[in-house]
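Working notes, structure below.
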Amino acid sequence: MALTGEALALMAKINKQYGDGSLVVASSLSDSGQLATGILSLDIILGGGFPRNQWSEVIGMEGSGKTTVCHRTVAHNQQITPDFVTLWIAAEAYDSDQAKMLGVDVNQVIVHATNRMEEAFQVMIDAAEARAVDLIVLDSYPALVPDGEAEKDMDEASMTLGARLMGKFFRKVGKETGKAMSATQRPVTGLIINQWRQKIGGRVMNGQIPKTTPGGLAKNFAYYSRVEVARAEWIDEARPGKGKARIGQVIKFTTIKNKQIAGQKTSQSDYYFEESRTLGLDAGKFDAVKDLITWAVYYDVIDRRGAYFHFGRHSWKGKDPMIETIRQDLTLQEELTSSILTAADPRRQTTSSANLENFAQEIEAEAA
């Protein structure tokens, strides 16, 4: 049904007063889609990746893999789009060696090193307004210092300064990174790394210490998605005559908030910070094949019948032959990825974390 004359007159009046595009018909709004991370298990529970033209939070304890996820997202999108540009606000030191290990082309990353909160926020606002970059990463919020705190002595209180500035930042940057009105606009995605803190005065329930994130409560409403990154366990590998070497960790992802699809979904992926001689994976790699098999079986992309597995023209008896074939066949990996993403359409997604974790453990036990 077409808009009434009165509605069209209102649109013309408002657009003349406040600029073209101030009022638009909802059906004309473009969906900028998602920015894939290149970590299949994370992309699926996010609904395809981090939402473009929005801000997301990556939270975790120390050493959990927060920065690793952001570097991996940069590297993956550089591989897809060679001129993909990232602005990295380095409140903590930017580790170019780690970035390169994860596949990042550091020539396509603009680094702004500052721990001044006002400066960092203004640079991000300017970058979002200019739409000159594709991704903005802040690593990390707790390392920023508000000017009001920097000017005080160590014994002077300065609570809430950062939270007030964080709220102001989202109010100002919102109009620049909100859902694009036009498909011609270059989408910009924001990722802010944060850390868990023990909640002061929180009541311990069932042995769990209440936790929160710095920056106040207002930010939680502004984020389109919030992802917790946690280390589930270490990955050790046998070395001849030397016992075992610690070469990686299992990273668990949880969507605390996700406005793209239902939140509170979990998944996990194996990450190697040193070479895995058994699997033939270099340092800085995620075990993408293990993820592929786990999700392919879960979504029935690979048909599992007892000890037999089937996919298209392929058939295997047992997990080991299947894993070996998939590791060696890049075309097969691409076919599986495409089929999984189609099957994992958020509109009919019913992920069971327990099933996924159980099958992942089966694969690991078989490969051990």
> Just to be sure, is residue 280 crowded, with 18+ Cβ neighbours inside 10 Å and within 27 Å of residue 105 (Cα to Cα)?
Replying inline: no
> Can you spot a residue in the stretch 269-283 that is of a type in the set (S, T, N, Q), over 29 Å from residue 47 (Cβ atoms) and outside the structural domain of residue 144 (by TED's automatic domain parsing)?
Replying inline: yes
>> For the stretch 214-252, which positions are in a loop (DSSP other than H, G, I, E, B) and either closer than 15 Å to residue 273 by Cα or assigned by TED's automatic domain parsing to the domain that holds residue 64 (or both)?
In response: 214, 215, 216, 217, 223, 224
> Out of the residues in the stretch 1-53 that are in contact with a Pro (Cβ under 9 Å, 6 or more places away or on another chain) and part of a strand (DSSP E or B), which is modelled with the highest pLDDT?
Replying inline: 35
> Of these, 43, 95, 105, which one is surrounded by fewer than 21 Cβ atoms within 10 Å (Cβ to Cβ), in the same structural domain as residue 145 (by TED's automatic domain parsing) and within 23 Å of residue 231 (Cβ to Cβ)?
Replying inline: 95
>> Could you check the stretch 108-148 and list, in sequence order, the residues that are surrounded by fewer than 17 Cβ atoms within 10 Å (Cβ to Cβ) and under 21 Å from residue 36 (Cα atoms)?
In response: 110, 131, 132
> Looking at this structure, is residue 270 free of Cβ contacts under 8 Å to residues at least 12 places away in the same chain, at negative phi and surrounded by 12 or more Cβ atoms within 10 Å (Cβ to Cβ)?
Replying inline: no
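For residues that are part of a loop (DSSP other than H, G, I, E, B) and either crowded, with 21+ Cβ neighbours inside 10 Å or polar (S, T, N, Q) (or both), tally how many sit in the stretch 54-67.
So the count comes out to 3.
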> Out of all the residues in the stretch 188-213, which are under 24 Å from residue 45 (Cβ atoms), outside any loop (DSSP other than H, G, I, E, B) and either touching a residue at least 24 places away in the same chain (Cβ under 8 Å) or among the polar types (S, T, N, Q) (or both)?
Replying inline: 189, 190, 191, 192, 193, 194, 195, 208, 212
>> Could you list, ordered by first residue, the pairs with Cβ atoms under 8 Å in which the first is in the stretch 136-157 and more than 30 Å from residue 85 (Cβ to Cβ) and the second is in a helix (DSSP H, G or I) and modelled with pLDDT under 95, at least 6 apart or interchain?
In response: 148/161; 149/161; 149/162
>> I'd like to know if the stretch 168-191 contains one or more residues that are surrounded by 13 or more Cβ atoms within 10 Å (Cβ to Cβ), among the hydroxyl-bearing types (Ser, Thr, Tyr), modelled with pLDDT of 90 or more and under 30 Å from residue 85 (Cβ atoms).
In response: yes
> Would a scan of the stretch 295-310 turn up a residue that is surrounded by fewer than 17 Cβ atoms within 10 Å (Cβ to Cβ), at pLDDT below 95 and assigned to a helix (DSSP H, G or I)?
Replying inline: no
> Are any of the residues in the stretch 92-113 modelled with pLDDT of 95 or more, over 30 Å from residue 272 (Cα atoms) and outside any helix (DSSP H, G or I)?
Replying inline: no
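The values are calculated or read from the model by the stated rules, or taken from the named source; none is laboratory data. Just so we're clear, the structure is a prediction, and the values are computed from it rather than from any experiment. Positions of Cβ are generated from backbone atoms using ideal geometry, with glycine treated the same way; all protein chains shown enter the neighbour counts.
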